[in-house]
Amino acid sequence: MARMPSAERRRQLVEAAIRAMTRDGVTRTTTRSICAEAGVSLSVFHYCFDSKQALLEAAIETITGSYVTRVMAAVEPRATLRETVRGALRTYWDDVTARPGEHMLTYDLTQYALREPGFEDLARAQYERYVASAASLVEQVTAVVGVEPRVPVEVIARCLAASIDGLTLQFLVLGDERAAEELLDVTADQLVRLIEG
């Protein structure tokens, strides 16, 4: 096995974990199966991560971070606040439709964390990360269009995170793209109303 910096090994293990859990589910994925997926020994896992919980947290950060990065990079001023908000939601939605398995995995990780003794903080951290990401998005959108939110950003962020969470899960269950598009429009309208007060 070639020598590799520990940060690169961690990334390799996290990517392998995401692939394995997306394919097999969280409960059926073991540290051994993750190591097999990554093509490394179990000792490499223990060198890179203190626990399975630490690996799961890194997986959540990676999944969330990748789509948040794409959405933030795509935020650009458009003719109106609503068009700017809708454009950001479109970028997120493109990620959902391109990677439904990863988004389904986030719900699986939440349920696993809530049911597994000692992992409850993982679910809490996951949803706090969603709200923090939504707050960053609201701040970026309002900054590029030069609007000062009339409602506290945290309130808008919690509303956005809850709306997107429900919308994503509904789409993953029902697969109704037309209904999802309509709900994205409604979500954009609600966010504009909250921002403008």
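Restricting to segment 154-179, and then to whatever is surrounded by fewer than 18 Cβ atoms within 10 Å (Cβ to Cβ), of a type in the set (A, V, I, L, M) and in contact with a helix residue (DSSP H, G or I) (Cβ under 8 Å, 6 or more places away or on another chain), can you tell me which residue is nearest to E128 (Cα to Cα)?
Residues of segment 154-179 that are surrounded by fewer than 18 Cβ atoms within 10 Å (Cβ to Cβ), as a first pass: 154-155, 158, 162, 165-166, 169-170, 172-179.
This time we only want the ones that are of a type in the set (A, V, I, L, M), so: 155, 162, 169, 172-174, 179.
Then keep just the ones that are in contact with a helix residue (DSSP H, G or I) (Cβ under 8 Å, 6 or more places away or on another chain); that gives 155, 169, 172, 179.
Details: V155: 13, L169: 18, L172: 22, A179: 27 Å.
So, considering only residues that are surrounded by fewer than 18 Cβ atoms within 10 Å (Cβ to Cβ), of a type in the set (A, V, I, L, M) and in contact with a helix residue (DSSP H, G or I) (Cβ under 8 Å, 6 or more places away or on another chain), the one nearest to E128 (Cα to Cα) is V155.
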Problem set entry | Number of the exception - G118 against (1) closer than 19 Å to L167 by Cβ; (2) over 11 Å from the mean Cα position of the chain (by Cα) | (1)
Problem set entry | Pair list, Cβ under 8 Å, 6 or more apart: segment 43-54 residue in contact (Cβ under 8 Å) with a residue 40 or more places away in the chain and closer than 20 Å to E116 by Cα, other residue open to solvent by less than 80 Å² (accessible area, probe 1.4 Å) and not basic (K, R) | Q53/G118; Q53/F119; Q53/L122
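Taking L105, is it open to solvent by less than 30 Å² (accessible area, probe 1.4 Å), within 17 Å of V147 (Cβ to Cβ) and touching a helix residue (DSSP H, G or I) at 6+ places or on another chain (Cβ under 6 Å)? Talk me through it step by step, then tell me what you get.
Numbers: open to solvent by less than 30 Å² (accessible area, probe 1.4 Å): yes; within 17 Å of V147 (Cβ to Cβ): no; touching a helix residue (DSSP H, G or I) at 6+ places or on another chain (Cβ under 6 Å): yes.
Spelling it out, it is not the case that L105 is open to solvent by less than 30 Å² (accessible area, probe 1.4 Å), within 17 Å of V147 (Cβ to Cβ) and touching a helix residue (DSSP H, G or I) at 6+ places or on another chain (Cβ under 6 Å).
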For this session: Kindly provide the set of residues from segment 1-37 that are buried (at least 19 other Cβ atoms within 10 Å of the Cβ), more than 22 Å from the chain's Cα centre (by Cα) and either under 14 Å from E102 (Cβ atoms) or of a type in the set (A, V, I, L, M, F, W, C) (or both), ordered by number.
Result: C35
Seminar exercise, completed: Of the candidates R150, R193, R90, R124, the one satisfying the condition of being in contact with a helix residue (DSSP H, G or I) (Cβ under 7 Å, 6 or more places away or on another chain), among the charged types (D, E, K, R) and over 23 Å from R23 (Cα atoms) is R150
Problem set entry | Scan of segment 62-76 for residues that are open to solvent by 50 Å² or more (accessible area, probe 1.4 Å) and either hydroxyl-bearing (S, T, Y) or modelled with pLDDT of 90 or more (or both), ordered by number | T62, T69
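The values are calculated or read from the model by the stated rules, or taken from the named source; none is laboratory data. As the structure is a prediction and not an experimental result, all values here were calculated from the model. All Cβ positions, glycine included, derive from the backbone under ideal geometry; neighbour counts span all protein chains shown. Areas reflect the complete protein model, heavy atoms only, side chains present, ligands, DNA and RNA absent. Shrake-Rupley method; radii C 1.70, N 1.55, O 1.52, S 1.80 Å.
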